[in-house]
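Colleague: Attaching a single structure in structure tokens format; questions to follow.
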Number of protein chains: 2
Amino acid sequence: MPPASPSATVQQWLDDFGRALARADFAGAASMFGDESYWRDLVSFTWNIKTAEGREQIRDMLAATVPNAQPSAWMLLGEGSEAGGVTEGWFTFETGTSRGKGLLRLIGGKAWTLLTTIQELKGFEEKKREMRPKGVEHGVHPGRKSWLEEKQDRAKTLGYTEQPYALVLGGGQAGIILGARLKKLGVPAVIVEKNPRAGDSWRNRYKSLCLHDPVWYDHLPYLPFPEDWPVFSPKDKIGDWLEMYTKVMELDYWTSSECKSAKWDDAKQEWEVLVERKADTPSGAPETLTLRPKHLVFATGMSGVPSLPKYPGMEDFKGQQAHSSGFRTGVEWKGRKVVVVGSNNSAHDICADLWENGADVTMVQRSTTHVARSDTLMDLALGGLYSEAAVKNGIDTDKADLIFASLPYKALPALQVPVYQQMKERDAEFYKKLERAGFLLDFGEDDSGLFMKYLRRGSGYYIDVGASELVADGRVKLKTGAIERVEADGLLMADGTKLPADLIVWATGYGSMNGWIAKLVDQATADKVGKCWGLGSGTKKDPGPWEGELRNMWKPTQQKNLWMQGGNLHQNRHYSLLVALQLKARMEGLPTPVYALAPVHHKA
Amino acid sequence: MPPASPSATVQQWLDDFGRALARADFAGAASMFGDESYWRDLVSFTWNIKTAEGREQIRDMLAATVPNAQPSAWMLLGEGSEAGGVTEGWFTFETGTSRGKGLLRLIGGKAWTLLTTIQELKGFEEKKREMRPKGVEHGVHPGRKSWLEEKQDRAKTLGYTEQPYALVLGGGQAGIILGARLKKLGVPAVIVEKNPRAGDSWRNRYKSLCLHDPVWYDHLPYLPFPEDWPVFSPKDKIGDWLEMYTKVMELDYWTSSECKSAKWDDAKQEWEVLVERKADTPSGAPETLTLRPKHLVFATGMSGVPSLPKYPGMEDFKGQQAHSSGFRTGVEWKGRKVVVVGSNNSAHDICADLWENGADVTMVQRSTTHVARSDTLMDLALGGLYSEAAVKNGIDTDKADLIFASLPYKALPALQVPVYQQMKERDAEFYKKLERAGFLLDFGEDDSGLFMKYLRRGSGYYIDVGASELVADGRVKLKTGAIERVEADGLLMADGTKLPADLIVWATGYGSMNGWIAKLVDQATADKVGKCWGLGSGTKKDPGPWEGELRNMWKPTQQKNLWMQGGNLHQNRHYSLLVALQLKARMEGLPTPVYALAPVHHKA
């Protein structure tokens, strides 16, 4: 008998798996997985984001979820493929309430990775393509309202005579993208943004900022960037795009508005949220409103609140001090002394901006930093999924996102190490120069590089777009080590070195996302929800135990009806659909039994 | 020998054709066309828009253009196909200065239709996909300007210290779409728009207006509508889209600005144009400027200036009178008598709006009208190229536009007649009801229907979205015949009938596009350019002789460096690329010998 084709192999596995589940033979189904194996489910079975690792966890997760989910119709999608001993195939499936898509990888006939992900709720599909609205109701309809009148009516009623089902705090990229998803699903949502215009959270950053991720990684859902969009978007251009997007998607987006406080009303099973609207209100005057949404989504930025370290003497400094989030441009610092504390992305960008404007700049590096050259990173780490070449290979944004999602976090470091090994070799000369200048390099504790650092701690790296050259050749001075204290005219280092400064920029990062919960709800709720982001890898700033998924992101939390939406543009695009479907299912009263709600191991 | 495949047949024809042209055997090349045959060239050979009809004209056009164009590299694109005796194939080719695409149809081995169309200029390609800009210049660059600073600089310099190469008059859909094309090609252009916001030319129309063409036909270049965009866009929604598009495309778009006069300076070979800017000027105050562009593009709307008929007594009418372009909503006319003069799209929409708002409405039909039910029209006339089904069949917007362009105007009526015959049959009951109500129907003089009417005269039809039902059952009263005069309290018809009115809406269409040339340049130039639009079909409002292409649209005119851009969204999308490439080629000093500049047979 000739060996079965990859397609036949995948379909056979799916058939067997489906049959085992149908007869509730969960041990049998789990035995179809290999010794090292993962089943990552995005909402469709678990109403959670959850990776089961190994046969035992897989069996438990199947046993707990399959009776509710009632999966069926496991169908190969397109053709299977085989490479390097791994047989791979896309598939579709259904549950009782949803349609899903997945990716299966088999080694030696057993599953290595299985991804199952929700795509849409049956009966509540997005109204697109052949389902799109007609726009005009043909025929004659006395008293009919035009699109504009309906829009104007909604602006007067939503949040006033009609409560939003969800309230999204923060109208940056996270809030806007989630808002678009909710709008398409018909979930009434208000997005509250403190700035006067959508996109201002980008516009307000330092002048030279460009996205460090390339355009293929950054597309927003529903409306991809045009084909001539720059690889790295300048911040004002992405700001304008977000503003346009907000309007075109017809979001119920409140500008110049701020949430002052929020409290869960357990009796009514809803939130009570105090919101100040300073402009563009229906009345024309500033208003303070109490909103009563069922769900509260924090889209306040994964960077949370700016984090300023405490050093003795900070209050006595005679020059200016700014957190990096408040730094705009180096123009007025020509010929003056500036110390930038920090050695991650913002610190490097700000040093370069200051140097380009003629300032005398010193970077203070307090701990090792991972540096990856942008071109190399694009090429080695992202190019396979997010690049012009990937698009030509038929890997569109959706496909890339699902492939990305199919790699379990547990297995990811081992897959990343060789990529960064190659980077080290390719850019050996570059790293040698940096080290010669005294720069303290790392590639992550386990040499797994940038993306793992991002997932574990959201910091600790610089994607080099030019500033490393300045550091390497001393045009930007470098001082490594600990800071002793701030003096009236500069920084005193622990080794006794004095760094005179007219300006100190604290590029020292941001506090926990969770800080916003403490600020707007209360500390008890923040503690109950616990630390956000990170995997529990047991590496620096990501203490164990291992959790297997990002903490609290895009999934139910220990506080009922409180959600966290955030991340980079890629994550917001991909995970926003999951958040929106979880909210939509609840709004429509579908059963949403959450499997393995994550326990809290760390407060913040 | 087995019969050759369609692909082989097409490639063989292309090879033979290419060889004949290479040895300047134009008679031989022409002999490869059938007795009834057409070669339509869009710019690539002729630097004009020109259809050669029959072997003799084809031979002449080849002989005149091939020595300059130096075509080569005729390559089948994808697979050929065969249906109903017609073998068809897409192909690419090059000329000395450009790359082109075409569509060939063969009957019995001879060409029936050949389309050749320019796609891009060699060395001046749009910077997209792998050629897209990086967005940030990596490395360090003292004094570098951010994207925002460069944009702000351009707003201060273009039209002030730097002259635009092209000035586009009118910032409706035509000006915006052409502006986007020019921007992508790096042609400095200013677009002058009288309204305060892009999109206002749609917003300012009557409240109930929706596009009568479906979304698949309406996409703008570079940024297609999202997949949930309504089939028929409400006017305010399309207005917002145009405004967003203008910003995202970074057009140099002057709002609240008006061209007061323009004059060709033959010595300097440039235009001298007086422009008033009332808002958003660099100085902040209203400004009057003299611009000196090389090219002047009228994108003032194919409808030109509102056309009011002259009837005795109009000035003595005691009620209100409005041209349809000035009508907003029927809200304030509840219970009052309104006469709408006209029976085309606007007249019907306005009658329905008035009736829905409780007015007592009478439509005055002065001549026969073609009515096509929207659903039927979508289905029979557009569905094959512009529909969800077409998209699923792999016919994307570009492909649809080229297929559309490949059908020569001369051959089109014969292809349209059966479509409208089918429409008559399918909607027989509907037409019977309308006729019973006294409505005067036609299907065009030769029964070729709506699209031919649009091409020949741009008027004479209604796409029914509901108003015909009101006319048929008398809820909107109908009066056919000639108007004798306007009296103080209504209209007096030639048959003696008196139509009392509190409001008369003159839905009487628009003057020639050419009227804008007379208004802004002078009558002599308007006469020199001559009538715009229409084919010379010898039917009503489209006098002969036969011209074979729309007069003066998107191609060189008898006035040097004066261009007309307009039409529906489909035409603007498709032909704007041709206008932009014609301008770009001239800007770059490429040879652009125009073949057969159309003579003028009619002044307006």
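Colleague: Do you know which of the residues in region B:305-344 that are of a type in the set (S, T, N, Q) and surrounded by fewer than 18 Cβ atoms within 10 Å (Cβ to Cβ) is nearest to the chain's Cα centre (by Cα)? Show your work before the answer.
Modeller: Here is the first cut: in region B:305-344, the residues of a type in the set (S, T, N, Q) are B:307, B:320-321, B:324-325, B:329, B:343-344.
Still in the list and also surrounded by fewer than 18 Cβ atoms within 10 Å (Cβ to Cβ): B:307, B:320-321, B:329.
On the way: B:307: 20, B:320: 33, B:321: 30, B:329: 27 Å.
Out of the qualifying residues, it is B:307.
Colleague: Let me ask you something else. Run down A:458, A:466, A:490 and say which single residue is buried (at least 16 other Cβ atoms within 10 Å of the Cβ) and within 21 Å of residue A:568 (Cα to Cα).
Modeller: A:458
Colleague: Return the total of residues in region B:192-204 being over 15 Å from residue B:241 (Cβ atoms) and either within 12 Å of chain A (Cβ to nearest Cβ) or part of a loop (DSSP other than H, G, I, E, B) (or both).
Modeller: 5
Colleague: State whether the residues of region B:111-133 include one that is surrounded by fewer than 14 Cβ atoms within 10 Å (Cβ to Cβ), more than 29 Å from the chain's Cα centre (by Cα) and over 28 Å from residue B:589 (Cβ atoms).
Modeller: No; the residues of region B:111-133 include none that is surrounded by fewer than 14 Cβ atoms within 10 Å (Cβ to Cβ), more than 29 Å from the chain's Cα centre (by Cα) and over 28 Å from residue B:589 (Cβ atoms).
Colleague: If you take the residues of region A:381-401 that are out of contact with any Phe, Trp or Tyr (no Cβ under 8 Å at 6 or more places or on another chain) and either of a type in the set (A, V, I, L, M, F, W, C) or on the phi > 0 side of the Ramachandran plot (or both), which of them is nearest to the other protein chains (Cβ to nearest Cβ)?
Modeller: We begin by selecting, within region A:381-401, every residue out of contact with any Phe, Trp or Tyr (no Cβ under 8 Å at 6 or more places or on another chain); these are A:383-384, A:389, A:392-396, A:398-399, A:401.
Next, only the ones that are either of a type in the set (A, V, I, L, M, F, W, C) or on the phi > 0 side of the Ramachandran plot (or both) stay: A:389, A:394-395.
Working: A:389: 8, A:394: 15, A:395: 15 Å.
Here the residue is A:389.
Colleague: Mind listing just one residue for me: the one in region A:452-492 that is in contact with a helix residue (DSSP H, G or I) (Cβ under 8 Å, 6 or more places away or on another chain) and assigned to a strand (DSSP E or B) and, of those, farthest from residue A:211 (Cα to Cα)?
Modeller: Filtering region A:452-492 for residues that are in contact with a helix residue (DSSP H, G or I) (Cβ under 8 Å, 6 or more places away or on another chain) and assigned to a strand (DSSP E or B), the one farthest from residue A:211 (Cα to Cα) comes out as A:487.
Colleague: Still on this structure, please answer the following. Which of the residues spanning region B:577-595 are within 22 Å of the chain's Cα centre (by Cα) and surrounded by fewer than 17 Cβ atoms within 10 Å (Cβ to Cβ)?
Modeller: If the condition is that a residue be within 22 Å of the chain's Cα centre (by Cα) and surrounded by fewer than 17 Cβ atoms within 10 Å (Cβ to Cβ), then B:594 is the only one that fits.
Colleague: Could you please find all residues in region B:548-574 being without any contact (Cβ under 8 Å) to a residue 60 or more places away in the chain and surrounded by 19 or more Cβ atoms within 10 Å (Cβ to Cβ)?
Modeller: Answer for region B:548-574, where residues must be without any contact (Cβ under 8 Å) to a residue 60 or more places away in the chain and surrounded by 19 or more Cβ atoms within 10 Å (Cβ to Cβ): B:551, B:552, B:557, B:571.
Colleague: Check B:207, B:237 and return the single one that is facing another protein chain (nearest Cβ under 8 Å), touching a Leu at 6+ places or on another chain (Cβ under 9 Å), at pLDDT below 95 and surrounded by 21 or more Cβ atoms within 10 Å (Cβ to Cβ).
Modeller: Just a single option satisfies the conditions, and that option is B:207.
Colleague: Also: Take region A:331-364 and flag every residue that is more than 22 Å from residue A:314 (Cβ to Cβ) and touching a Cys at 6+ places or on another chain (Cβ under 9 Å).
Modeller: A:349
Colleague: Go through region B:493-527 and count every residue that is assigned to a strand (DSSP E or B) and without any contact (Cβ under 8 Å) to a residue 24 or more places away in the chain.
Modeller: Residues meeting the conditions: 1.
Colleague: Inspect region B:514-527 for any residue being closer than 30 Å to residue B:328 by Cβ, hydroxyl-bearing (Ser, Thr, Tyr) and surrounded by 18 or more Cβ atoms within 10 Å (Cβ to Cβ) and give the result as yes or no.
Modeller: Quick first cut of region B:514-527, residues closer than 30 Å to residue B:328 by Cβ only: B:514-520.
Applying the additional criterion that residues be hydroxyl-bearing (Ser, Thr, Tyr) yields none.
The answer is no, given that none of the residues of region B:514-527 is closer than 30 Å to residue B:328 by Cβ, hydroxyl-bearing (Ser, Thr, Tyr) and surrounded by 18 or more Cβ atoms within 10 Å (Cβ to Cβ).
Colleague: Please go through region A:45-77 and pick out each residue that is of a type outside the set (A, V, I, L, M, F, W, C) and out of contact with any Asp or Glu (no Cβ under 9 Å at 6 or more places or on another chain). Walk me through how you get there before you give the answer.
Modeller: Step one: of region A:45-77, the residues of a type outside the set (A, V, I, L, M, F, W, C) are A:46, A:48, A:50-51, A:53-57, A:59-60, A:65, A:67-68, A:70-72.
Result: A:46, A:56, A:57, A:59, A:60, A:67, A:68.
Colleague: Being of a type in the set (A, V, I, L, M, F, W, C) and more than 9 Å from chain A (Cβ to nearest Cβ) is the filter; apply it to region B:210-224 and report the residue that is farthest from residue B:387 (Cα to Cα).
Modeller: B:220
Colleague: Another question, then. Residues that are closer than 30 Å to residue B:254 by Cβ and more than 14 Å from chain A (Cβ to nearest Cβ): list the strands (runs of 3 or more DSSP E) wholly contained in region B:91-174 that include at least 1 such residues.
Modeller: B:110-121, B:166-169
Colleague: Within region B:361-376, identify whether any single residue is away from chain A (no Cβ under 14 Å), farther than 26 Å from residue B:206 by Cβ, surrounded by 21 or more Cβ atoms within 10 Å (Cβ to Cβ) and of a type outside the set (S, T, N, Q), and answer yes or no.
Modeller: No, because not a single residue in region B:361-376 is away from chain A (no Cβ under 14 Å), farther than 26 Å from residue B:206 by Cβ, surrounded by 21 or more Cβ atoms within 10 Å (Cβ to Cβ) and of a type outside the set (S, T, N, Q).
Colleague: Tell me, yes or no, whether region A:185-194 has at least one residue that is surrounded by fewer than 22 Cβ atoms within 10 Å (Cβ to Cβ) and within 20 Å of the chain's Cα centre (by Cα).
Modeller: Within region A:185-194 (the criterion being surrounded by fewer than 22 Cβ atoms within 10 Å (Cβ to Cβ) and within 20 Å of the chain's Cα centre (by Cα)), the answer is no, since none of the residues qualifies.
The values are calculated or read from the model by the stated rules, or taken from the named source; none is laboratory data. This structure is a prediction, so every number in the text was calculated from the model and none was measured. Cβ: placed from backbone, ideal geometry, glycine included. Neighbour counts: every protein chain shown.
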